[in-house]
Amino acid sequence: MRGVLLQIQADVQGKLNDLDSDVANAAQNLSTTGLEGTAARGVLRKLLETNSNLFEAVTFSKGGKIIVAKCKGCEGGEGADISSQEHIAHILQTKTPAFSKQFLLVEGYNGKALAYPVFSPQGEFLGGISTIIGPDKLLNAVVAPQLHFDTYNRSNITNYSFWLMHLDGLIAYDRDASQIGKYLFEDPLYKPYPSLLNLGHKIVAARSGHGYYSFQVTEGNKRVVTKESYWTTAGLHEREWRLVVTKMMQ
């Protein structure tokens, strides 16, 4: 289990690092082209074309309004004020990169934002670039080959499973897709399982560890089993993901 988890961690962190590097390079290119016009659109288009895990990219002003937008299969919201979004507010205030919490996009899928400030060649703050990552797609590509499950129906030929939790208890990814978006410490589904809640607090408190808990096999299979788990951490820009591999014991 530990070997599988460490391989997943290495792959997830590697993909996040690659995305971070590509968005940082795009921000550097926008420093030269500026945040509007054909050249800026070209920078965003190239970024999306070369990164299958990115679905949207926009530039925004130092007032927090979208200047240009490029996205896959959706309409961009050019001119919209996004200054109240957490990651945009972070950049406007601190002028440093931001990696957002997971949220449900209007297009109907989960997304996370990775954003960078953009400065002129003279060092003046111009605004920034914000991109949307599809974490489900990124994690499917990493986890499914390790745990041998079908990403379409989440069927699994082994007793191993995987879930990802944010430090606020949000289940951001699970082989049982019905649990994605639930909060471990708040959702009624988890309240009858104190060992799971106790383990959840340990997972939040420590970057890595090992433990056991009782829970149903999946939301559709309510047979309660004991599960062994190992967890570790991946993330960017002070935003940590807890990665958890589990195995059914009985």
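Among the numbered conditions (1) touching a residue at least 24 places away in the same chain (Cβ under 8 Å); (2) among the hydroxyl-bearing types (Ser, Thr, Tyr); (3) not in a helix (DSSP H, G or I), the only one that SER84 does not meet is (1).
Being aromatic (Phe, Trp, Tyr) and modelled with pLDDT of 95 or more, is that true of even one residue in region 215-225?
no
For region 156-194, filtering for residues that are open to solvent by 10 Å² or more (accessible area, probe 1.4 Å) and small (Gly, Ala, Ser) leaves 4.
What's the total number of residues in region 199-223 that are in contact (Cβ under 8 Å) with a residue 40 or more places away in the chain and open to solvent by 10 Å² or more (accessible area, probe 1.4 Å)? Here the count works out to 3.
Of all residues in region 122-136, those satisfying the criterion of being modelled with pLDDT under 95 and aliphatic (A, V, I, L, M) are ILE132, ILE133. Looking across region 59-72 at every residue that is more than 18 Å from LEU19 (Cβ to Cβ) and in contact with a Phe, Trp or Tyr (Cβ under 8 Å, 6 or more places away or on another chain), the one that is least open to solvent (accessible area, probe 1.4 Å) is identified as ILE66. Note on region 93-104: among residues that are surrounded by fewer than 18 Cβ atoms within 10 Å (Cβ to Cβ) and modelled with pLDDT of 85 or more, the one that is nearest to GLN179 (Cα to Cα) is LYS101.
A quick yes/no check of all residues on (1) surrounded by fewer than 18 Cβ atoms within 10 Å (Cβ to Cβ); (2) out of contact with any strand residue (DSSP E or B) (no Cβ under 8 Å at 6 or more places or on another chain); (3) aromatic (Phe, Trp, Tyr):
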{"residue": "ARG2", "(1), (2), (3)": "yes, no, no"}
{"residue": "GLN7", "(1), (2), (3)": "yes, yes, no"}
{"residue": "VAL12", "(1), (2), (3)": "no, no, no"}
{"residue": "THR32", "(1), (2), (3)": "yes, yes, no"}
{"residue": "ALA57", "(1), (2), (3)": "no, no, no"}
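Pairs are defined by a Cβ separation below 7 Å, a sequence spacing of at least 6 or placement on different chains, a first member in region 49-70 that is closer than 15 Å to ALA27 by Cα and among the charged types (D, E, K, R), and a second member that is open to solvent by 20 Å² or more (accessible area, probe 1.4 Å) and in a strand (DSSP E or B); the pairs so defined are GLU56/CYS71; LYS62/PHE125; LYS62/LEU126.
Within region 46-64, the set of residues being among the polar types (S, T, N, Q) and in contact with a Gly (Cβ under 7 Å, 6 or more places away or on another chain) comprises ASN53, THR59, SER61. Within region 30-48, can one find any residue that is at pLDDT 95 or above, among the small types (Gly, Ala, Ser) and within 28 Å of LEU164 (Cβ to Cβ)? No; the residues of region 30-48 include none that is at pLDDT 95 or above, among the small types (Gly, Ala, Ser) and within 28 Å of LEU164 (Cβ to Cβ).
The values are calculated or read from the model by the stated rules, or taken from the named source; none is laboratory data. Nothing here was measured: the structure is a model prediction, and the numbers come from that model. Counting neighbours? That spans all protein chains shown, and the Cβs are built from the backbone with ideal geometry, glycine included. The accessibility values were calculated without ligands, DNA or RNA, using every heavy atom of the protein model including side chains. Shrake-Rupley method; radii C 1.70, N 1.55, O 1.52, S 1.80 Å.
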